[in-house]
Amino acid sequence: MPADLTDLTGVPFIADDREAQMLPRLAEMGLSLPRNVVMRCDDPLAQIAYVQAGLGVGVCQVKLAQRLGLVRVLPDLSYPMPAWLVVHEDQAQVARIRHVFDHLKKTLGHWM
C-alpha cells in the first residue's frame with residue numbers, strides 16, 4: 001500500500017502496454033506516476049491475474065475487484081469508462097431483440 005494514497009511512485013504497478021491509456025489518465029487526475037512498472041500488458045484479465053497474485057497494484061472495475069476480494073488502494077479515485085452495446089444489423093431489426101437492447105440502453109445509462 002502506498003504511504004500516501006496519491007503517491008504511486010514506489011508501488012509495484014501493473015500497466016497497459018500498446019494502448020498507453022492508463023498512466024496518462026492517472027497523470028491527468030493529478031496522481032504521481034508509478035516509476036516501478038513491473039508488468040505491461042493490454043489484456044485486462046492478465047492484469048487482474050497479476051494483481052490477484054500480489055505482484056502489484058493495477059486498475060480494475062470496482063464491482064469486479066470486490067467480487068475477487070481485492071483491496072481498493074485509492075477509494076476516492078473514479079474514472080468513468082465508455083461501454084459499447086452492439087448487435088448485428090440483421091438482429092437489430094428483430095422486435096424482441098430491439099426491445100431487450102432498448103431496455104439495456106435505458107438501464108445501463110443510469111450507471112454511467
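Quick check on the stretch 70-84. Is at least one of its residues loosely packed, with under 14 Cβ neighbours inside 10 Å, assigned to a helix (DSSP H, G or I) and without any contact (Cβ under 8 Å) to a residue 40 or more places away in the chain?
no
Which one of the conditions (1) open to solvent by 60 Å² or more (accessible area, probe 1.4 Å); (2) farther than 30 Å from P34 by Cα does L108 fail to meet, given that it meets all the rest?
L108 satisfies all of (1) open to solvent by 60 Å² or more (accessible area, probe 1.4 Å); (2) farther than 30 Å from P34 by Cα except (1).
Name every residue in the stretch 6-29 that is at pLDDT below 85, over 13 Å from the mean Cα position of the chain (by Cα), buried (at least 18 other Cβ atoms within 10 Å of the Cβ) and not in a loop (DSSP other than H, G, I, E, B), in order of residue number.
None - no residue of the stretch 6-29 is at pLDDT below 85, over 13 Å from the mean Cα position of the chain (by Cα), buried (at least 18 other Cβ atoms within 10 Å of the Cβ) and not in a loop (DSSP other than H, G, I, E, B), so the list stays empty.
Show the residue pairs that are 6+ apart or on different chains and have beta-carbon atoms under 9 Å apart, the first residue being within the stretch 7-31 and polar (S, T, N, Q), the second being at pLDDT below 80 and open to solvent by 30 Å² or more (accessible area, probe 1.4 Å).
Every condition considered, the pairs that remain are T9/S32; T9/L33.
Across the stretch 30-42, which residue is farthest from D76 (Cα to Cα) among those that are out of contact with any Phe, Trp or Tyr (no Cβ under 7 Å at 6 or more places or on another chain) and open to solvent by 70 Å² or more (accessible area, probe 1.4 Å)?
Residues of the stretch 30-42 that are out of contact with any Phe, Trp or Tyr (no Cβ under 7 Å at 6 or more places or on another chain), as a first pass: 30-33, 35, 40-42.
Still in the list and also open to solvent by 70 Å² or more (accessible area, probe 1.4 Å): 33, 35, 40.
On the way: L33: 17, R35: 22, R40: 24 Å.
Here the answer is R40.
The values are calculated or read from the model by the stated rules, or taken from the named source; none is laboratory data. Owing to the predicted nature of the structure, the values given are computational and were not obtained by experimental measurement. We place every Cβ from the backbone using ideal geometry, glycine too, and count neighbours over all the protein chains shown. With ligands, DNA and RNA removed, areas are computed over all heavy atoms of the protein, side chains included. Shrake-Rupley method; radii C 1.70, N 1.55, O 1.52, S 1.80 Å.
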